[in-house]
Amino acid sequence: MKTHTKAHLKVIPLGGLEQIGMNMTAFEYRDTIIVVDCGLAFPEDDMLGIDMCIPDITYLVENKEKVKGFFITHGHEDHIGAIPYVIREVNAPIYATKLTMGIIDHKLEEKGILEKTRRKVVKYGQTIQTGPFKVEFIKTNHSIQDAAALAIFTPVGVIMHTGDFKVDYTPVYGDTIDLQRIAEIGKHGVLGLMCDSTNAEKPGFTPSESTVGELFNDIFAENRDHRIIIATFASNVDRVQQIINTAYRYGRKVAVEGRSMVTIIDIAQKLGYIRFPEKTLISADDLNKYPDSRTVIITTGSQGESMAALSRMANGTHKKISIKPDDTIIFSSRAIPGNEKDVSNVIDELYRKGANVIFRDIHVSGHACQEEIKLIYSLVKPKYSIPVHGEYKHLKAQERIARALGYDTEHIKILSSGDVLEFNEKGQAKVTGHVHTGTVMVDGLGVGDVGNIVLRDRQHLAEDGIIIVVMAMDSASGTIAAGPDIVSRGFVYVKDSEDLMEDAKEIVSDKLVDLEDQKVRDWSRIKTEVKNVLSDYVWKKTQRNPMILPVIQEV
């Protein structure tokens, strides 16, 4: 008698665990895969020249006929930034709320693939049926509007994915998180809770976004006679709205500067998520028509990015705006780990130009602290705790919260990207395997063409420079017809090291004569010998190890 094997639900994080960014998780049941989020990560300091990192989607490409949809929790880069790259390889419908989809549409249009991509705007409370999966979008609060938690109904039970969230009882725009619906789903039984871990180390509650508005009010009151420049994240639409409201209250005009800031505000304004009182918004070109005490500039650059508008203002290279003595500059964000030095450098430059810089406590997080995480657990009452979104220490911090709530080791699943967490028909979970994951680096238009070897070469060039040895060889006789000429970049300043370069040239010439005497005509051997003799000489003289590139031209 033939028996049918019972189908299991697989939960496979393809990125976003043990790191900040690249959030992406596949949910698989029989012949259907749905994907939650599709984010990028910003490059590490040692990734020279890299613009961004996206998840390796080999598993999705290998199973592309199974992929039925991308479900997006909110519009931050670490959740949507990889979509234009991934959708070219795995073209499935995208489901997202209104503002999130507006930002995604802009990205797809920039890449020329908007018309080729199926998209559906979803309202809160709406459920999308895809094969055996039903996905409901639930209202949450975050530092960008239209954030959603996802209740994923599967044949073996419900998985609740919080996305990035906080509990904000007094949001700037829209409603508070729908705790009632979360509790209703919890009452009917939830198999697993995939909960945001970003702030799991922090006790208490995250303050409401509206508290920042009170701080802005105080700063504007204290700086009535000064121009005010505020740097914040472009995507923090509520923060921008509070700046606009405060500026209007104090009779100031608002100019927006920085490409990403202009883009997001334009999208949010068109969709009704930002409102400018009449005649409040002005162009940066018109700033000089108003006294400084009647203007506010909202700008990018809160993370010290070298090409962002505030950095260019600080170093004097911005075409339209120069920092003036007595400008008041507010950093309305916290430095992302790793960016502290860049932020500090920009603050120093601003101080040098006589500006007054305010960079403490003009920010609240968009992520839940411990008490909010406990609240979600107590409402959802999941069988399994599955911490997501964060470095390993953040996942472990959520594990401690779960333990305090009575969960044992068996019912807390800390995963690594690529782990396959399998739920059987009885709702029992265990890690049963691992799929290929990794980081694909994007450099300009190149996706994945820069790997570790290229990065190692870039590191080598950055640290030690390059020496190029150029020589011409007579194709008939195999003798050197001209050269060698030696060119160096990033190694030594040639004018101050003429003796070194002359000696190097002589040593290479002697080696070439020696090879001629031995009647060596193999180009690869000649190049290797030149490289070895020059490398030894340079190391002895300088204790440096530049990249050496011999070039032979045939004449």
Rank the residues SER488, SER378 as a footprinting-exposure proxy: fewest other Cβ atoms within 10 Å of their Cβ go first.
SER378, SER488
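Of all trypsin sites (Lys or Arg not before Pro) in the stretch 256-290, which ones are in loop regions per DSSP and have a Cβ with at most 15 other Cβ atoms within 10 Å? The partial results should precede the final answer.
Values: sites: ARG259, LYS270, ARG275, LYS279, LYS289; in loops: ARG275, LYS279.
Passing both the DSSP loop test and the Cβ count: ARG275, LYS279.
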Using 0.36 nm per residue, how much length does the chain from HIS434 to ASP514 gain when fully extended, once their Cα-Cα distance is taken away?
23.2 nm
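When only DSSP loop residues count, what trypsin sites (Lys or Arg not before Pro) in the stretch 513-552 have their Cβ near at most 14 other Cβ atoms within 10 Å?
Numbers: sites: LYS519, ARG521, ARG525, LYS527, LYS531, LYS540, LYS541, ARG544; in loops: LYS519, ARG521, ARG544.
Those satisfying the criteria are LYS519, ARG521, ARG544.
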I'd like the orientation of helix 523-542 relative to the chain: the angle between its Cα long axis and the longest Cα principal axis, in ° from 0 to 90, rounded to 10.
80 degrees
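Run the numbers on the chain and let me know its relative contact order in percent, using alpha-carbon pairs under 8 Å that are six or more apart.
On the way: 1156 pairs, mean separation 88.0, N = 555.
The value is 16 percent.
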Dipole moment magnitude, nearest 20 debye, the stretch 465-554 about Cα centre, only Lys, Arg, Asp, Glu C-beta charged
420 debye
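Determine the sum of side-chain charges near ARG227: Lys and Arg each +1, Asp and Glu each -1, restricted to other residues whose C-beta is under 10 angstrom from that of ARG227.
Cβ neighbours under 10 Å give a net charge of -1.
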Would you mind checking the tilt of helix 237-249 against the longest principal axis of the Cα atoms of the chain, expressed as 0 to 90 degrees and rounded to 10?
80 degrees
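Looking at the stretch 138-234, which trypsin sites (Lys or Arg not before Pro) are DSSP coil and have at most 12 other C-beta atoms within 10 Å of their C-beta?
Numbers: sites: LYS139, LYS166, ARG181, LYS187, ARG224, ARG227; in loops: ARG224, ARG227.
The qualifying sites are ARG224.
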Sorted by Cβ density within 10 Å, fewest first, the residues MET473, MET24, MET160
MET473, MET160, MET24
For SER302, residues with placed amide H under 5 Å, excluding near neighbours:
THR232
For a Förster distance of 22 Å, can you work out the FRET efficiency between the beta-carbons of GLN129 and GLU109, rounded to the nearest 0.05?
0.20
Gain on full stretching of the segment that runs from HIS188 to VAL121 - 0.36 nm per residue minus C-alpha separation:
21.4 nm
Around PHE71, which amide H atoms from residues at least 5 apart in sequence, or from another chain, sit under 5 Å from its own amide H, with H modelled in the peptide plane?
VAL35, VAL36, ASP37, TYR95
Just want the answer: with Cβ charges of +1 for Lys and Arg and -1 for Asp and Glu, which residue in ALA472, ASN141, ILE298 is farthest toward the dipole's positive end in the chain?
ASN141
Estimated inter-spin distance, HIS411 and GLU62, nm [label 7 Å along Cα→Cβ]:
3.4 nm
Contour minus end-to-end for TYR250 and ARG275, with contour as 0.36 nm per residue of separation and end-to-end as the Cα-Cα distance?
7.3 nm
Once Cα Rg over 2.2 N^0.38 Å is worked out from the coordinates, which option in [x] 1.19; [y] 1.24; [z] 0.95 does it equal?
[x]
With everything on Cα atoms, drop me the angle between helix 452-464 and the longest principal axis of the chain, reported from 0 to 90° to the nearest 10.
60 degrees
Rank ILE526, VAL122, ILE330 by how far each Cα sits towards the positive end of the charge dipole of the chain (+1 on Lys, Arg Cβ; -1 on Asp, Glu Cβ) and give me just the farthest.
VAL122
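In a shell of Cβ-Cβ distance under 12 Å around TRP523, excluding TRP523 itself, what net charge do Lys and Arg (+1) and Asp and Glu (-1) give?
Working: positive: ARG521, ARG525, LYS527; negative: ASP522, GLU529, GLU554.
Its environment carries a net charge of 0.
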Distribution output for the stretch 465-554: share of Cα-Cα pairs per 5 Å bin in percent, first bin at 0, values 3, 14, 28, 26, 15, 9, 4, 1
So, with points 7 Å from each Cα along the Cβ direction, the SER260-GLU554 label distance in nm works out to 5.0 nm
Using Cα positions and a limit of under 12 Å, work out the aspartates and glutamates in reach of LYS381, with same-chain residues fewer than 8 apart set aside.
GLU184
Which lysines, on any chain, are close to LYS98 with Cα under 24 Å apart, when same-chain ones fewer than 8 places away are left out?
LYS68, LYS107, LYS111, LYS116, LYS120, LYS123, LYS134, LYS139, LYS166, LYS270
Anchor LYS324: lysines whose Cα lies under 27 Å away (excluding residues fewer than 8 positions away in-chain)
LYS253, LYS279, LYS289, LYS341, LYS353
At 7 Å along Cα-to-Cβ for each site, give me the label-to-label distance between TYR351 and ASP536 in nm.
5.3 nm
Find me the longest stretch of the chain that has none of the exposed GluC sites (Glu not before Pro), where exposed means in a DSSP loop (not H, G, I, E or B) with at most 14 other Cβ atoms within 10 Å.
116-277
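We did not get these values from a lab; they are worked out from the coordinates using the rules stated. Being a predicted model, the structure only gives us computed values, none of them experimental. So basically every Cβ, Gly included, is an ideal-geometry build from the backbone, and we count neighbours across all protein chains shown.
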